[in-house]
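Working notes for the structure below.
Coordinate-derived values only; no laboratory data. Just so it is clear, the structure is predicted and the values come from calculations on it, not from any experiment. Using ideal geometry, Cβ is built from the backbone for each residue, glycine included, and neighbour counts are taken over all protein chains shown.
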Amino acid sequence: MKTRAGAFVKTVGMAGVLLLVLGATSLFAEFLAPYRYDSVRFDLPYAPAVIPVWSHGRFWVPILEMTDSERRRYSPSGKRVPLHLFCQGESYRMWGVIHSSRHLFCAEAPGRIYLMGADLFGRDLFSRLLYGMRFSFLLSLIGVAISFSIGTIVGLVAGYAGGWVDRLLMRLSEIVMAVPGLYLLMGLRSIVPFGVSSTTITLIITGSLSLIGWASLSRVVRGLVMSLSGQDFVLAAVASGASPARVIFLHLLPNMRYYLLISVTLSIPAFIVGEAGLSFLGLGLSEPHPSLGNILSESQSLETMNSAPWLLGSGILIVILVVLFNRLGDVLREAGEGGPGGDRKT
Amino acid sequence: MMRAVVLRVSHMGLVLLGIVFLSFVMMDFAPGDFLSQMAMNPQISPRVIASLKEQYGLGLPFFEQFLHWARALLHGDMGYSFSYHVPVSTLIGERVPMTLLLTATAVLISWGTALPLAVFGARRAGGLFDRSLLSFSYLSISVPSFFLALLGLLLAERTGWFPIGGARSALPATAGSWDRIGDLLHHLILPSLTLALGSFGVLYRLMRSSVIEVISQPFMTAARGRGLRDRLIFWRYLFRNAVNPLVTLFGMELGGLLSGAAFTEMIFGWPGMGRLMLHAVMTRDLYLVMGGVLMGAILLLLGNLLADLLLYLLDPRVREGT
């Protein structure tokens, strides 16, 4: 068991492990976040981060006091409340199913714990980032699944069938790739009116991002199919009367799996950044639902950047996620090149 | 050769037709159009709206409306912008030079720095210089353009070295044309730098790996063995071979000249195509959206074509192959 875990870490590298940790963290956002994403405190706009202090055998959270309501400056009031672990806080439904109100940590009633500061409405940035990150993960995983399925099927059909089918499909992918991505996204977004439910918007964003993503993947798959089709083992299979399905599933796909895995990993950042960009422009997920993009868009004005620079943290989180996925792709590529099974012939 | 070009151009025509048709379908799906918003404005008489409707064939069934627009397009008429109340071609004609100024400067900066640095880094691959630039490239690839632009804005505000957003500041009427140009350039620095920073990473990594591959080729050893001058070895053997894979990328950069800077433009308030397009989509300005998409797509396709032609000219292997 231990060696298997070790091998896993070796294949996915530090980046993979970190991504798993981040993914698990966002999965349990309801429990790990001290507050709900829409839990407001209008008396604490742009409150800075408060750091719990250790004394008398427990953690204490200082209570902030607004000293300058014009410029939204705060200073510690001298009072403090204890920080509890595994405590009862705001109630939530984990994944929309499990009803609970237990949180990993929470500050006692009048106090409020802001690990990374608050936004204009006094909502906890840390909690919102957790929820926003979960949205990014979910959206990119679903989006990748869609674009990956379309891209692989189109690529397989085009590469295997050849002829006019190939030409038609490739022209289609050229059309998709020739439209500037952001314009296409904005155009697709404008199909649904503004102010529809967040579920619809999520579907539209995911759908449009996948609609853009499949094209380049299908060309990669097509190229792979064409290069593999000329190899002896495929020719032999075809000559011995194997059906196209058998050839595709038994000979072509298993040989492409590393490339596919790598291109899938490397295509995830496009989804994360695409969603964030759309939400940043106000075309994506709208308030009060948090997404990494619309949290960042709150800090668009210079005034906000000055009084609450921590809101830029969502941008940093996007960068971290993108770096990790890029790194994971690279690690997988290296593992595929050198490791066993990377170049195996079935 | 000519045949290949003609074939490619006709392909491009087909793809363009597809794009135009699909985007028309897309806009048709969108509920309401600009005229229905106009109709709610009591200051505009129903007569004006009816005449606009007739002139642009908006009341017609889908296919006829499409043909109407496409026929006008062939005569160089891209239609009318309902939100700006000017012809689309005028609007695009105003914005395109500004966007090109921004993106071309950015391309000059990124290529001008990344290529020499990559050659330098590749010669001492794995050294401190190379490794730090590699990590920098990683960051450059991973930072989304809108975040980078926000950071740039923050820098401008904190240091006061650069104007915050816009392309021009209010100059006195007496200001000469040199002052105006200087002012424009001052506004240009930060947006073009952030754009260049964003494309530096890809360039550096690609050029570096390409140079490393070429350096270890036998013909390089042979050239050195024959005692050729360093300069000759560099330009004729190393550079010409190493730059090959970048030509395709160059085509893509050319293609992205119009559409690639959208976020940067929006954040810095640069009056280019990106902001125009966002406005057009938000207000459902049908023909403006179509015009913008068309221009962007044409440039993308032209960029790819140009890259292939360049490759043909630069690489005898490609020439012999076709």
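Give me the one-decimal nm value for the distance between modelled label points at residue A:71 and residue B:74, 7 Å along each residue's Cα-to-Cβ direction.
6.7 nm
Say R0 is 51 Å: what FRET efficiency, to the nearest 0.05, do residue A:41 and residue A:7 get from their beta-carbon distance?
That pair, residue A:41 with residue A:7, gives E of 0.60.
Between residue B:239 and residue A:153, with labels modelled 7 Å along Cα→Cβ, what's the label distance in nm to one decimal, could you check?
5.0 nm
For residue B:90 and residue B:48, FRET efficiency with R0 = 30 Å and r from the beta-carbon atoms, rounded to 0.05?
FRET efficiency, residue B:48 to residue B:90: 0.95.
Per the Kirkwood formula on distinct C-alpha pairs, the Rh of chain B is how many angstrom?
On the way: mean 1/r = 0.0437 Å⁻¹.
One over the average 1/r among Cα pairs gives 22.9 Å for chain B.
Mean Kyte-Doolittle of at least 0.0 and a Cα length of 30 Å or more along the axis: which whole DSSP H helices of chain B meet both?
Helices passing the filter in chain B: B:2-29, B:88-123, B:177-215, B:286-314.
Could you order the peptides A:223-229, B:185-191 from most to least packed, using the average number of other C-beta atoms within 10 Å per residue?
Descending mean neighbour count gives B:185-191, A:223-229.
Check residue A:113: other-chain or 5+ apart residues with amide H under 5 Å from its amide H, H built from backbone geometry?
A:107
Long-range amide H contacts for residue A:59: which residues qualify at under 5 Å (H placed 1.01 Å from N, peptide plane, sequence gap of 5 or more or a different chain)?
A:83
Among B:298, B:102, A:146, whose Cα lies farthest out toward the positive end of the dipole of the protein assembly as shown, if unit charges sit on the beta carbon of Lys, Arg (+1) and Asp, Glu (-1)?
A:146
Report the convex hull volume per residue for the protein assembly as shown, counting only C-alpha atoms, in Å³.
242 Å³
Below 8 Å between Cα atoms, with a sequence gap of 6+, how large is the relative contact order for chain A in percent?
That works out to 19 percent.
Run the simple label-point estimate for residue B:135 and residue A:21 please: 7 Å along Cα→C-beta, distance reported in nm.
Taking the simple label geometry, residue B:135 and residue A:21 are separated by 1.8 nm.
Calculate the mean, over all residues of peptide A:256-266, of how many other protein chain Cβ atoms lie within 10 angstrom of the residue's Cβ.
0
Could the peptides A:94-100, A:283-289 be put in order, highest first, of the mean number of other beta-carbon atoms found within 10 Å of their residues?
Order by mean packing, descending: A:283-289, A:94-100.
Using only alpha carbon pairs under 8 Å that are at least six residues apart, calculate the relative contact order of chain B and give it in whole percent.
Dividing the mean separation by the residue count of chain B yields 24 percent.
Looking at A:215, A:277, A:205, which one has the Cα that reaches farthest to the positive end of the dipole of region A:129-337 (charges on Cβ: Lys, Arg +1; Asp, Glu -1)?
A:215
Compute the Cα gyration tensor for region A:33-124, then decide on rounded, prolate or oblate, letting a ≥ b ≥ c be the square roots of its eigenvalues: rounded whenever a/c is under 1.5, prolate when a/b is larger than b/c in the other cases, and oblate in all that remain. Show your work: numbers first, answer last.
On the way: a/c = 2.81, a/b = 1.30, b/c = 2.16.
Since a/c reaches 1.5 but b/c is at least a/b, the shape of region A:33-124 is classed as oblate.
Can you report the principal axis dimensions of chain A using only the alpha carbons, biggest first, rounded to whole angstrom?
Projected onto its principal axes, the Cα set of chain A covers 83, 52, 35 Å.
Explain nothing, just the number: relative contact order of region A:223-306, from Cα pairs under 8 Å at least 6 residues apart, as a whole percent.
16 percent
Rounding to the nearest 20 debye, state how big the charge dipole of region A:97-182 is about its Cα centre with +1 on each Lys and Arg Cβ and -1 on each Asp and Glu Cβ.
Details: 7 positive and 5 negative charges, 23 e Å.
For region A:97-182, the charge dipole is close to 120 debye.
So how strong a dipole does chain B carry about its Cα centre when Lys and Arg Cβ are +1 and Asp and Glu Cβ are -1, to the nearest 20 debye? Numbers along the way, then the final one.
Values: 24 positive and 18 negative charges, 268 e Å.
It comes to approximately 1280 debye.
Taking the Cα centre as origin and putting +1 on Lys and Arg beta-carbons and -1 on Asp and Glu beta-carbons, what dipole magnitude results for chain A, to the nearest 20 debye? Write down the numbers at each step before the final one.
Values: 28 positive and 21 negative charges, 160 e Å.
Dipole about the Cα centre, nearest 20: 760 debye.
Where in chain B lies the longest segment free of trypsin sites (Lys or Arg not before Pro) that are both loop residues by DSSP (not H, G, I, E, B) and have at most 12 other Cβ atoms within 10 Å?
B:1-123
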